[in-house]
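Engineer: Supplied in structure tokens, the structure appears directly below.
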Amino acid sequence: MSAPAISLQQVSKVYQTDRVETTALDQINLTIPQGEFVSIMGPSGCGKSTLLNLMGLLDAPSDGDIQILGQQVAHLKEKQLATIRNLKIGFVFQSFHLVPDLSVLDNVEIPLLYRSVSSSARRQAARDALERVGLKARMSHYPTQLSGGQQQRVAIARAIVGQPAILFADEPTGNLDSQMGKEILSILNDLNQQSGTTIVMVTHDQHQAEQTGRIIRIHDGQMIH
């Protein structure tokens, strides 16, 4: 039996300043099997994005253990964490974070620049990823020439160009109208079902959350069962 994609045991995150100690997450226990599509819901400020950042190795817990694809990450150095992020993990955010003076194709290639991949292989992988999100005809365009929904599709193509095992999506439809939001969710569902990509999505949209395999609810830094 394969290791889960993500495993958190007694994970807490505390932010400290000179005067205030804020507990963002309190003893979270969570297992996400490989190939699952889960959504995380909860009110603003409840710890959803903090949880996503910990699972995506963008931040470190104050306490507890995190395993990604069976690998314990607590003891790893930043360079090792960066390697896991580059090889195993993709990120999609509410803001598209595209480089405005690069073409769509060049934007999608960016994650592969940190791998030992030839220029021709990078180009082909980027083309394949763009075709997968329905933007084959827009490769030479620039981000400012695209709609918000198209820009988010470029961001998804960039996130999947390296064929990550896990995709984290933080409010991926938050800046889009409902029709574009449906299109983005459809792309994520296809990735999950056709490629077996594990997807963890933070959302405020109950209807979208109900279309995923499981809803994880967070309130005041704790999981609600």
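Please treat every number below as a calculation from the coordinates, not as lab data. On a predicted model such as this, the values are computed, not experimentally measured, just so you know. Positions of Cβ are generated from backbone atoms using ideal geometry, with glycine treated the same way; all protein chains shown enter the neighbour counts.
Engineer: Among the residues of region 1-32, how many are surrounded by fewer than 16 Cβ atoms within 10 Å (Cβ to Cβ) and assigned to a loop (DSSP other than H, G, I, E, B)?
Structural biologist: Qualifying residue count, region 1-32: 7.
Engineer: Name every residue in region 108-134 that is within 20 Å of the chain's Cα centre (by Cα) and either aliphatic (A, V, I, L, M) or more than 21 Å from ASP190 (Cβ to Cβ) (or both), in order of residue number.
Structural biologist: Scanning region 108-134 gives VAL108, GLU109, ILE110, LEU112, LEU113, TYR114, ARG115, ALA125, ALA126, ALA129, LEU130, VAL133.
Engineer: Can you tell me which residue in region 60-86 is farthest from VAL14 (Cα to Cα), limited to those that are among the hydrophobic types (A, V, I, L, M, F, W, C) and in contact with a helix residue (DSSP H, G or I) (Cβ under 9 Å, 6 or more places away or on another chain)? Steps first, answer last, please.
Structural biologist: Kept after step one, since they are among the hydrophobic types (A, V, I, L, M, F, W, C), are these residues of region 60-86: 60, 66, 68-69, 73-74, 76, 81-82, 84.
With in contact with a helix residue (DSSP H, G or I) (Cβ under 9 Å, 6 or more places away or on another chain) added as a condition, the list becomes 60, 66, 68-69, 73, 76, 82.
Working: ALA60: 10, ILE66: 16, ILE68: 21, LEU69: 25, VAL73: 18, LEU76: 20, ALA82: 23 Å.
Applying the filter and picking the extreme gives LEU69.
Engineer: Here's something else I'd like to know. Those residues that are of a type in the set (Val, Ile, Thr) and out of contact with any Ser or Thr (no Cβ under 7 Å at 6 or more places or on another chain), I need them from region 174-193; list them, please. Explain how you work it out, then say what you get.
Structural biologist: To start, the set of residues in region 174-193 that are of a type in the set (Val, Ile, Thr) comprises 184, 187.
Answer for region 174-193, where residues must be of a type in the set (Val, Ile, Thr) and out of contact with any Ser or Thr (no Cβ under 7 Å at 6 or more places or on another chain): just ILE187.
Engineer: Continuing with the same structure: Counting only residues that are free of Cβ contacts under 8 Å to residues at least 12 places away in the same chain and within 23 Å of the chain's Cα centre (by Cα), how many does region 1-20 have? Give the derivation first.
Structural biologist: Taking region 1-20 first, the residues free of Cβ contacts under 8 Å to residues at least 12 places away in the same chain are 1, 15-20.
Okay, now just the ones that are also within 23 Å of the chain's Cα centre (by Cα), so 15.
Qualifying residue count for the region: 1.
Engineer: Also: Within region 129-178, how many residues turn out to be of a type in the set (Lys, Arg) and free of Cβ contacts under 8 Å to residues at least 12 places away in the same chain?
Structural biologist: Of all residues in region 129-178, those of a type in the set (Lys, Arg) come to 132, 136, 138, 153, 158.
Now restrict to residues that are free of Cβ contacts under 8 Å to residues at least 12 places away in the same chain: 136.
Here the count works out to 1.
Engineer: While we're looking at this one, here's another question. Go through ILE28, ILE68, ILE32, ILE84 for me and flag whichever is over 16 Å from the mean Cα position of the chain (by Cα) and aliphatic (A, V, I, L, M).
Structural biologist: Being over 16 Å from the mean Cα position of the chain (by Cα) and aliphatic (A, V, I, L, M) holds for just one of ILE28, ILE68, ILE32, ILE84, which is ILE28.
Engineer: Within region 122-225, which helices (runs of 4 or more DSSP H) (wholly inside it) include 2 or more residues that are surrounded by fewer than 17 Cβ atoms within 10 Å (Cβ to Cβ)?
Structural biologist: Numbers: elements: 148-160, 178-195, 206-209.
Hits in region 122-225: 178-195, 206-209.
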